[in-house]
Amino acid sequence: MPNLLIQNGRVIDPSQEMDRVTNLLIADGRIVAYDTTPTGEETIIDAKSKIVAPGLIDMHVHLREPGFEEDETIETGTAAALAGGFASIACIPNTDPPIDTQGSVEFIRDRAARADHCNVLVTACVSKNREGKELAEIGQLVEAGAVAFSDDGSPVCNAELMRRAFEYCLMFDKPVLNHAEIRELTNHGVMHEGLTSLVLGLSGIPAAAEDVMNSRDIALAEATGGRLHIMHVSTINSIDALRRAKDRGVRVTAEAAPHHFTLTDECLRTFDANYKMNPPLRGREHVEAVIAGLADGTIDVIASDHAPHAKQKKMRELDIAPFGIVGLETSLGLVITKLIEPGHLDWPTAIQKMSLNPARILGIDKGTLRIGAAADVTIIDPKVRWTVDPTTFRSKSANTPFAGWELTGRADTVIVAGRVKFERR
Ligand SMILES: [Zn+2]
Ligand SMILES: [Zn+2]
């Protein structure tokens, strides 16, 4: 493998508080030097006017394999990740069968290695068969390589099970990622409960369904010393509770999904199922709270909650269509267009929420361009204007509400362990 020299890019690496134009040399799959001048031996990547970032990480991705290969496979999902600028993703275990045994963790790792696109980190189930009854074999799953635990798709409803999950995961210093939803409150809701749901005559999902469970989880994390990561936080009160919990030292982190800082429940007026997700699109005041939470550091991570569904499933009427949208190939563009350009986040902070912070939460040695680190690098064109066209997605599914949106900025090149895995032509 020839050495790679990334020339004249603006290198932004929050792990070293670096933000300057320089050259970055990669050899044997690792970052080896800065400010290197070319010797004629290297493969040169011209990054003039580009941003050179640590390989981006999306810690909330549904790859659907095994069991739902009509929606996505590990091959297509990891190709979509690269096209979105991600060098690493963490996959969520609500597959069929769910990822709750050593063998199933190994299956994912094996398939990901065969696809040979981006790094795939495996999140395993909190409970056996995701039934919410009995704790999965946490220790064995960690041994097989699981980096975190989640029953996402479903919440961990049973508070005692959640408490024990915190205690067990603490022994291995692993976080519990919960989808916060009190099922008795969401019932058969299809959208956020508010004025719009009332006007449209659609059954609502109240913000309180999310808030009550997040408060429970924070209390349990505080009581056990366990590590809570709140998935796709979307409400004012949850963000408020999170902020106060952090202030008193509870080990809690959180992520927000791009659709929760770009869209509101008003979108449901179209009755288009591509606006149906869980947690649902909320009112304007909640969207503003998500943006404020990202801006003041309360929300640590931006993660897509990439949830592919085949066309025949998502095209059904709103009541029966499944929740969720694809996100890998629009996430970065939405962050740049809707958070960086309007000045809510600066570049280093945005990159930190998409690389260093998820790496720290997952306890992986990534999200950095330090000398000696594995050379996972994302090169971003921050100025290019492009239109979201789902027919060009690498993902097997195209269920996005962002079709036709004009976005600014996207990834040009993704390097994984020193190898160029994606180049936009
Ligand atoms: Zn969820
Ligand atoms: Zn999810």
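The values are calculated or read from the model by the stated rules, or taken from the named source; none is laboratory data. Model, not experiment: these values are computed from the prediction. Backbone-built Cβ (ideal geometry, glycine too); neighbour counts: all protein chains shown. Accessible surface is based on the protein model in full, side chains and every heavy atom, while ligands, DNA and RNA are left aside. Shrake-Rupley method; radii C 1.70, N 1.55, O 1.52, S 1.80 Å.
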Listing of strands (runs of 3 or more DSSP E) fully contained in segment 338-425 that carry 3 or more residues being within 19 Å of the chain's Cα centre (by Cα) and crowded, with 19+ Cβ neighbours inside 10 Å = 377-387, 406-416
ILE57 being assigned to a loop (DSSP other than H, G, I, E, B), within 16 Å of ligand 2 (Cβ to nearest atom), touching a Pro at 6+ places or on another chain (Cβ under 9 Å) and β-branched (Val, Ile, Thr) = no
Does segment 54-63 contain any residue that is open to solvent by less than 30 Å² (accessible area, probe 1.4 Å) and over 30 Å from ASP96 (Cα atoms)?
-> yes
The condition from (1) farther than 27 Å from SER395 by Cβ; (2) in contact with a helix residue (DSSP H, G or I) (Cβ under 7 Å, 6 or more places away or on another chain) that ALA146 misses is numbered (1)
Residue satisfying all of: in segment 265-296; touching a helix residue (DSSP H, G or I) at 6+ places or on another chain (Cβ under 7 Å), without any contact (Cβ under 8 Å) to a residue 60 or more places away in the chain and open to solvent by 10 Å² or more (accessible area, probe 1.4 Å); nearest to ligand 1 (Cβ to nearest atom) among these = ALA289
Check HIS309 against each of (1) part of a helix (DSSP H, G or I); (2) open to solvent by 10 Å² or more (accessible area, probe 1.4 Å) and name the one condition it does not meet.
-> (1)
Within segment 169-183, considering residues that are among the charged types (D, E, K, R) and closer than 11 Å to PRO155 by Cβ, the one nearest to the chain's Cα centre (by Cα) = GLU181
Test: residue in segment 119-135 that is away from ligand 1 (no atom under 16 Å from the Cβ), free of Cβ contacts under 8 Å to residues at least 40 places away in the same chain, part of a helix (DSSP H, G or I) and closer than 29 Å to LYS421 by Cα | no
Quick count over segment 268-306, residues being assigned to a helix (DSSP H, G or I) and either within 16 Å of ligand 2 (Cβ to nearest atom) or of a type outside the set (Gly, Ala, Ser) (or both), is 13
